[in-house]
Every structure is written in structure tokens, then in C-alpha cells.
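The values are calculated or read from the model by the stated rules, or taken from the named source; none is laboratory data. All figures in this text were calculated on a predicted structure; none of them were measured in a lab. For neighbour counting, all protein chains shown are included, and Cβ atoms are generated from backbone atoms with ideal geometry for every residue, glycine included.
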Amino acid sequence: MFTESTSPIVSSFASLEDSLSLWKDTLQGIHSKSELVLNGGQRDNLGEFVAPTSVSVHNRLDRFGSDQSVPGSSPRNLNSADSITGLSAQSIGANVQVKAPAANSIPDLMISSLSSSSSVNAGSTLSVSYTVNNQGNATAASNNTQFYLSTDNSLDAADTLIGSSAVSSLSTGKSKNISFSATVNSSLAPGNYYLFAKADGNNQVIESNESNNLISKAITINAAAKADLTINAIAPSSVLVGGTSLSLNYNIANLGNASAASNLTKFYLSTDTLLDGADTVLGTDTVSSLAAGANTNRSVSLTLASSLNQGAYYLFAQADSGSTVSESNEANNTNSGSFSVTTLADWCSQNIKDLELSSLSSNLTTDGSLSRQDMIDLFNSAKDNSLVDGTEFTDLKALVTNGKQLLGMQDFVYVLSNNLVNGNTANTTSGVGNLFAGSTDAQMTNLVDKWFLGTDCPDTSYSYQYAQGSLFQNGVNVNDIKQGMVGDCYYLSTLSSIAQEKPSYIQDMFIDNGDNTFTVKFLKNGVNDYVTVDRYLPTDSNGKFVYASYGSNYTNTSNELWVALAEKAYAQLAESGWSRPNYNAYYNTNSYAAIESGWMDLVIQQVTGLSTTSQTLSATTSMTQTSLINLVNSNQILTAGFVYGDGGGLVVNGHAYTITAYNSTTGQFHLRNPWGYQDSDLTWSQLVSLQAVVQYSNT
């Protein structure tokens, strides 16, 4: 007869066998009874309880001693009375009740298919698709599928977990197709691997068969994708002068299989073929991101110290000098080119063969450059003995070729010298002809006068007079423009808008040479081109200007000359053959008639280098009233032309205007007439009805 035990404990275990094993079976819950009477006492239902969270079960074996078994059928729910505290019982087996669960009530998860790329780079994303099935006869609770990479086809603790995919509850006999992605560790060694997918990877679900949860497939892990930056051959000029600029073109390529982020190319000056800490940094160049397999051409200007000794040097270019890009090969980032440093005087004495030109150029370069006046002096020297001989012609070409890079010429001096020595369409059109070995002194004089002194004035039926006044009066103003007796409204209305919105471009057009001549800059496809004008302007019999600045007297010392000189320069530029495209040869002459008629967007490009947009207003145009108002309120160059009628006198047909303002009260746009009078104020609907051609700079 058993005695009573106060407050015994009842435990429930889940087992796949019909015997209780505290080593293998799973504790499902613990229940404390107020009193349990055995062998004749009343027995409580042992199947319904909740395990208290405060109970520790890690020492079950110590409290029970050896495993106890009760015969029965598998699987079973095993309930053990007093399994924690112990009872004064004849046998622990007497305290165990075996309860078999209902048949076919356990899920069975397995992965029936697994697909992924056959190879992937370390550090990249591996995309996986798989199908998980529940072959059992009970719903499987939510669980996780785990993915591993293994070097063999056996999953063990040494293998690498790369991710886990959540699987929601799955009814009996059902399956789910699931997509999953994981990042492969960038440090993983390249090679052949097995990708394992393990259903219920955390053993959250009790299954009828725990041995069918794995599936695997072979996969190749490639080395992590990396960039590989390299500098292709660089070739500085063979001879350079201390204190001058070194203009360098180079190419940087990404030979790797991953994009290279923005990085820095650094340039060094070295006295030997080894790049080290003793070398001098000349400059840097920021290179934007570069896709795998791509390359880009770069240009950089570097300055050599004026104190640099003569001798042989090496220029090094080092890609990714800050080591900000992880590369597959860090040893191929550098390339170099050789050159020598000399003085300008030495270069001239060694390379200019005509004795007089050699001596003169050596003396003129002692200040470190060849100026405009220096080149005029050299050109005049070359016409000794009444002609330019072959040696002199070759020497002049050498001076021009090395002018910017070596001899410190300003850009306009170089361009004008190049037009004189190496030829220009304007030379032949004007009848002066291009310079050659054997040119007469008269031809040389005419070429110098044309390009450096501006005496080759545009053709006109009017007389030229020397204009008094100054280039600018109180800065640049939209109202400085007053069109005269040539149909260049497109040109002057554009200058008017530039003067209002971007006056610095007008000021930058002109170089005052200090000898009553002005060199005027234009841009051909973004590249600077120049002509020189003098102060002589066309006048009528009363001494009044007949073109721009119409009506002003040439003797007036208050004259502001920039508009008239810009107009004269544009007429001279026409002879070079590129500024008047889509026109016949008549418009490629040095004349005021050559600049009759045109469009404003081309002038914007030629004066500022800015890109442009042209839109003809209509009911279907992409431009709206609001967008035009926004343009007016910006500092973008803004013009309008009318070629489809005058709208009953609203505008002058076949004429260009500057759009200068918008009146929100009246809803009208103010259009300034380059004549200096007869402006127009038009509403949006009027502009649309007139099909105004609006042309403006994009910035």
C-alpha cells in the first residue's frame, strides 16, 4: 500500500517509442497537483495542463536516475506522476501512463525541389527557389527552412549557414513554392560546394520522419567580383619648361568584373622609374564611377614648378590613389611616361634654326611666355629679305605647335597665331592667302594686320571712321543695344538678353589689347575662336553710326562701343566659314551683309557655349504659360522670333525680340525690340496665336 505524498508533480513527455527515455523524449509540460492518491485513490486527468515557466528541467536524469521504460505501442504520450519531486513508490514505472495518440496525426515536412544558379560570386546574392511539402497527416506549424553551403555532400556542424527562409503553416498533403535570396560571404574561398536546404531547420515541428528534411545541389562559388583599375599609356610632351602647364590626356580602364566607385587619380613627378615617397605630387583628378569593362578618357592640367632643374623626369599616374576601391589586382594601378625639363631660352636656341628668330625668341621668352606683342615681333622678323623662307616658316610652325604647352602663350595668342601660320578659310576668302615657305613680306604684313591688328574691316558701302568712346559705360545693360541698318535682329536681341541675364559673358567676349584694338571671343562647338577688331566703324555722311548704336556720332567721347564692336567682329567671323551654317557662300564673307538673317539659339551657343532649346508655341506645344513665366524669372537667356505674321501689328513679322519681363497683373510678357523702341506686350494666348518661336539657353 502506497502512502500519500503532498503536492506531487505530473510531467508529460512526447516520444516516438512506447517507452520513456529521459535522454531522448521531449518534455511537453508540468502540472502540480494539490494531492494525488495512488492505488485506490482518485486519479486526475493527466492529459490537460500547462507547464509553469519557472520549472527547470535540465537535471531530469539526476532526479530519475536511470531510464525507465513502460511497454506499449508507438508513438505515445507518456505521463509520469511525480517525475520531478519523486514519490515513495515501489517502482517509477508504476507512475507512468502511456497514451497512444490518434493514428496518422503527425506532419512530415520535406523539400521536393531546389533550384538556383549553378555558380555565383562570393559577396553576391544567391537566389533560390524551392518547394516544401507536408507529407504527413497533420498540419505543420510555421517553421524555417535553413540553407547551408558545404564542401561535401554531407551536412554537419562545420558547414556554413547562409540564411533562413520562413515557411508558414502547411496543411496535410499541401506544398508551397518559395523564393529566397541570401548573400554569399565575400570571404568564402572559391570552389565547388553543395547547397543544402533543410526543412524545419530549427526542429520546431515534430515529424513522423525526421530523416527526409534535407535536399542538396552542386554549386560553384567564384571569387568575389571586384573592380580592377588601370592607367593606359600616358604620353606627356617630350620637352617641358619649368613654371609652365603640362596638359595631359590619359585613359583609365576598369578591367574587373565589378563596378568601381568614384576614386582619385594622383599624378607624381619623379626623377627615376620608381614611384616612392620622395616623389612630388603634381595634382589629382577625380574619376566618377566606372562600370566593369568600361574605360574613360580624361584630361588634366598640371603645373611644373618654375624652380624645377633641367634634366630627365618621369610623370606617374596612379589610379585609385586613396585605395578606396577594392580591386582584384592592386599592382597594376600605375603607369608612367618620361620627359625632359629645359628653359624656354634653351628650348628656343636648340629648336629654332633661323639665327635671327632663335636669338629673338630666346630673348622674348626670358619672362616665361610669348605674348601677343612677342608673336607680332617674331612674325615681322620672319619677313626679312622680303620673304619668309623655308627655315623661317618651319620655325614659326614649331613656335605655334609648342605655343600653349611649352611657351606659355595665352589662348587667344595661340589661336590667332595658328590662323596666321597654319592657315584659315578666311585667309583664302579674303584674298590674302595662307602663309607658305616663300610668302612675301607684304603677305605676312597683311596676315598680321588681319589677325592681330583688326584692319581687315567688313565690306560696306559706308565710310569707316575712328570711333571715340569706351568699350563699356557703367557695365553692361540690356538697353545698350540699338539696331541699325543691317538685319541682324537675331544677333542683337540675343546679345540684349545675355546682357540682362548673364552680363559676364559679354565682358568675357572682349580682350582690350591696349593699342586701340580688341580681340573678340566666340565659340565653335564649345572651342574658343577669336577675331580682332579696331575702333573704325561705318558712318553716314553726317558721321553717325549706321549699324549698331545707330545714330550716335563717332566723335562722341561718351560712346559705348561694345555692341558695335561685337557686331563688327561677328561680320568678320563669317569669313572663317563656320559661324553662318545653312547659308550659301554669300554669307561666308567678311561683310555686314553676311550677317543678315539668322536664329537666336545659334548665337547663344556661339557667344556663351551654352546648350539651347527652341519651341514654336501652339496649342499642342510642350511649353506652357507657367514654364515661360519660370524662364522669364530665371537668369536663362530668352528670346522670341516671329515668322508667321504680325498679328495685326502686335509685332514686327520676320523679327526677333528679347523677352525681358512678365506682368502678373496684366498677364502680359514684355518683348524688347532690338531697335530700341516699338516694344511689345503680349499675353500667352497672343504668343500662341502668333506661333512665336521661343529660343532660350538651357541654363
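Among the residues of region 371-390, write down those that are within 22 Å of residue 409 (Cα to Cα), part of a helix (DSSP H, G or I) and over 45 Å from the mean Cα position of the chain (by Cα). It would help to see each step written out before you state the result.
If we filter region 371-390 for residues that are within 22 Å of residue 409 (Cα to Cα), which is where we start, we get 371-383.
Subset that is part of a helix (DSSP H, G or I): 372-381.
Matches in region 371-390: 377, 378, 379, 380, 381.
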Given the residues 384, 377, which is the only one that is more than 15 Å from residue 351 (Cβ to Cβ), at pLDDT 95 or above and touching a helix residue (DSSP H, G or I) at 6+ places or on another chain (Cβ under 8 Å)? 377
Of the residues in region 415-432, those that are hydroxyl-bearing (Ser, Thr, Tyr) and surrounded by 23 or more Cβ atoms within 10 Å (Cβ to Cβ) number 1
Taking only region 182-195 into account, find how many residues are surrounded by 13 or more Cβ atoms within 10 Å (Cβ to Cβ) and modelled with pLDDT of 95 or more. 3
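Each row is one residue, and each column tells you yes or no for (1) touching a residue at least 40 places away in the same chain (Cβ under 8 Å); (2) touching a Ser or Thr at 6+ places or on another chain (Cβ under 6 Å).
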| position | (1), (2) |
| --- | --- |
| 454 | yes, yes |
| 461 | no, no |
| 472 | yes, no |
| 522 | yes, no |
| 527 | no, no |
Among the residues listed as 302, 274, the single one being loosely packed, with under 13 Cβ neighbours inside 10 Å and either hydrophobic (A, V, I, L, M, F, W, C) or not assigned by TED's automatic domain parsing to the domain that holds residue 249 (or both): 274
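Yes/no per residue for (1) part of a loop (DSSP other than H, G, I, E, B); (2) surrounded by fewer than 19 Cβ atoms within 10 Å (Cβ to Cβ):
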| residue | (1), (2) |
| --- | --- |
| 564 | no, no |
| 568 | no, no |
| 575 | no, no |
| 598 | yes, no |
| 601 | no, no |
| 604 | no, no |
| 614 | no, yes |
| 620 | yes, yes |
| 629 | no, yes |
Where in region 225-288 are there strands (runs of 3 or more DSSP E), lying fully within it, with 1 or more residues that are charged (D, E, K, R) and touching a strand residue (DSSP E or B) at 6+ places or on another chain (Cβ under 8 Å)? 263-270, 280-287
Pull out all pairs, ordered by first then second residue, where Cβ-Cβ is under 9 Å, the residues are six or more apart or on different chains, the first lies in region 387-405 and is assigned by TED's automatic domain parsing to the domain that holds residue 371 and under 30 Å from residue 303 (Cα atoms), and the second is surrounded by 20 or more Cβ atoms within 10 Å (Cβ to Cβ) and of a type in the set (Asp, Glu). 394/354; 395/354
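Considering 588, 582, which residue is at positive phi and modelled with pLDDT under 95?
Residue meeting the stated conditions: 582.
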Considering region 315-333 alone, what residues qualify as being surrounded by 17 or more Cβ atoms within 10 Å (Cβ to Cβ) and either among the hydrophobic types (A, V, I, L, M, F, W, C) or in a strand (DSSP E or B) (or both)? 315, 316, 317, 318, 319, 325, 327
Kindly indicate whether residue 218 is at pLDDT 95 or above, surrounded by 15 or more Cβ atoms within 10 Å (Cβ to Cβ) and not hydroxyl-bearing (Ser, Thr, Tyr). no
